[in-house]
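Undergrad: To start, I am sharing the structure in question, which I have written as structure tokens.
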Amino acid sequence: KFIGNINFDEFLKQRQVYRTGKGRFIQIDDRMGISEKSLDVFVYLGAENFRGGNEDTTPGKIIEEMNYSPVQVARSLNELEKKGFVKRKLGKADKRNMIVRMTEEGGKNYGEIVCEFESSGNQEGNV
């Protein structure tokens, strides 16, 4: 079960503030053992799933929405899948499409990120 919701734009803004040394946002990516880009993709997937229970998120949609290159998204998904946070399946209607879904382990980590993000002074918002 996915809990909480993160305003994805606000999350990315806070990540940038942390990277520039002007904020105190905890390095979740280090703790999870994934890259910053992979964390951003992970949070996007969690927010997508929570927002509407959308189970048809594709790598193409991630590329389009996040303005990341196909290579960046492929690397991030490989890393997240290796850690057991997401899984990929062939689409039912169109076998050429790959569907990306968060696993139960991914959902637990997403919940922790939501709690940490909200306790850092950020309010819930709509993605």
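Undergrad: Give the residues of segment 92-112 that are open to solvent by less than 80 Å² (accessible area, probe 1.4 Å) and at pLDDT 80 or above, sorted by residue number.
TA: Passing the criteria: Asn97, Met98, Ile99, Val100, Arg101, Met102, Thr103, Gly106, Gly107, Asn109, Tyr110, Gly111.
Undergrad: Would a scan of segment 9-32 turn up a residue that is at pLDDT 85 or above and surrounded by 13 or more Cβ atoms within 10 Å (Cβ to Cβ)?
TA: So far as segment 9-32 goes, no, none of its residues is at pLDDT 85 or above and surrounded by 13 or more Cβ atoms within 10 Å (Cβ to Cβ).
The values are calculated or read from the model by the stated rules, or taken from the named source; none is laboratory data. Because the structure is predicted, anything quoted here is derived from the model rather than measured. Cβ coordinates were reconstructed from backbone atoms using ideal geometry, including for glycine residues, and neighbour counts include every protein chain displayed. Heavy atoms of the whole protein, side chains included, go into the accessibility calculation; ligands, DNA and RNA do not. Shrake-Rupley method; radii C 1.70, N 1.55, O 1.52, S 1.80 Å.
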